[in-house]
Amino acid sequence: MKIVLYSGGQLRSNHKLHQAVVELARQKHGNKELSMTYIPFCSENSGVFYHRAKRRFRANGVKKFFCLNVDNSPSKSEIKKAFQSDIVYLAGGNTFYYLKHLRESGVLAEIKKFAQKGGVLAGLSAGGLIMSPTIALADDEGLGPDDNDVGMKNFKSLGLFKFEFSPHFDGEPDEIKAHLSYSKKTRYPIYAVEDGSGVVINGNDILIYGDATIFHRGTQMILR
């Protein structure tokens, strides 16, 4: 699989992650004009963030863009068009709302097929968390959970890799303590990533861009 996980932040170091997304697509498609589908977590105000994404990725060589709003009853033809792109980008937002509408629209299953066929998948914050085996991390009280206003109880997600992704990690003592505590509740390692940093998966290779900490069963390891 070819996956890029962004923690977030409007930091210059994210430019390296943008380049990584495009480089992964070039490995498969060579010099063809690249296309991207942008999937916001909700349709409200999505145009602003879609415009920003287009600006960033145009600067890195992507030529064609499409926006798929999953909470606005997308048609079968819109979904089909979305996954004809070379790159699919899952934006940040409320993890529970996002996962609910990805499931109900049928788009979640299409994302998994796209990734398994070698399409390049990028995810920012909640968009990356949804690629994990579970989004339970977003419900943990110690980790500053998202509001679960949709009443979600089934936290199973895409499971495209065998670790949990924790964005916006700042390395403060309370946050380290909360991650250590949560790591005793889950069987998966947790990749806690600072803003401006990210994780790139290319087949069996996992590369850390910037700073990250792995928490697993009550232990931690800092990666730089």
Residues of the range 185-211 that turn out to be part of a strand (DSSP E or B) and either open to solvent by less than 30 Å² (accessible area, probe 1.4 Å) or touching a strand residue (DSSP E or B) at 6+ places or on another chain (Cβ under 7 Å) (or both), as a count: 13
Residue list for the range 156-165, filter: in contact with a helix residue (DSSP H, G or I) (Cβ under 9 Å, 6 or more places away or on another chain) and touching a residue at least 40 places away in the same chain (Cβ under 8 Å): Ser157, Leu158, Leu160, Phe165
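Restricting attention to the range 44-76, and to residues there that are among the basic types (Lys, Arg) and open to solvent by 80 Å² or more (accessible area, probe 1.4 Å), which single residue is nearest to Glu33 (Cα to Cα)?
Lys63
State yes or no: is Thr95 closer than 22 Å to Phe169 by Cα, within 18 Å of the chain's Cα centre (by Cα) and at pLDDT 95 or above?
On the way: closer than 22 Å to Phe169 by Cα: yes; within 18 Å of the chain's Cα centre (by Cα): yes; at pLDDT 95 or above: yes.
Yes, satisfied.
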Contacts under 9 angstrom Cβ, first residue in the range 127-147 being without any contact (Cβ under 8 Å) to a residue 40 or more places away in the chain and more than 20 Å from Leu180 (Cβ to Cβ), partner open to solvent by 20 Å² or more (accessible area, probe 1.4 Å) and β-branched (Val, Ile, Thr), 6 or more apart: none
Residue satisfying all of: in the range 170-184; free of Cβ contacts under 8 Å to residues at least 40 places away in the same chain and touching a Phe, Trp or Tyr at 6+ places or on another chain (Cβ under 7 Å); least open to solvent (accessible area, probe 1.4 Å) among these: Ser183
Odd one out for Ala109 among (1) open to solvent by less than 20 Å² (accessible area, probe 1.4 Å); (2) under 23 Å from Asp139 (Cα atoms); (3) of a type outside the set (S, T, N, Q): (1)
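Every residue, every condition in (1) of a type in the set (S, T, N, Q); (2) over 12 Å from the mean Cα position of the chain (by Cα); (3) open to solvent by 10 Å² or more (accessible area, probe 1.4 Å), yes or no:
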{"residue": "Lys117", "(1), (2), (3)": "no, yes, yes"}
{"residue": "Val120", "(1), (2), (3)": "no, no, no"}
{"residue": "Ser125", "(1), (2), (3)": "yes, no, yes"}
{"residue": "Gly128", "(1), (2), (3)": "no, no, no"}
{"residue": "Asp140", "(1), (2), (3)": "no, yes, yes"}
{"residue": "Asp146", "(1), (2), (3)": "no, yes, yes"}
{"residue": "Asp149", "(1), (2), (3)": "no, yes, yes"}
{"residue": "Glu164", "(1), (2), (3)": "no, no, no"}
{"residue": "Pro167", "(1), (2), (3)": "no, no, yes"}
Gly47 under 21 Å from Asp195 (Cβ atoms) and at pLDDT below 95: no
Residues that are part of a loop (DSSP other than H, G, I, E, B) and either in contact (Cβ under 8 Å) with a residue 40 or more places away in the chain or charged (D, E, K, R) (or both), drawn from the range 212-221: Arg217
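The values are calculated or read from the model by the stated rules, or taken from the named source; none is laboratory data. All values reported here derive from a predicted model rather than from experimental measurement. Note that we place each Cβ from the backbone using ideal geometry, even for glycine, and neighbour counts take in every protein chain shown. Ligands, DNA and RNA are excluded from the accessible area calculation, which covers all protein heavy atoms including side chains. Shrake-Rupley method; radii C 1.70, N 1.55, O 1.52, S 1.80 Å.
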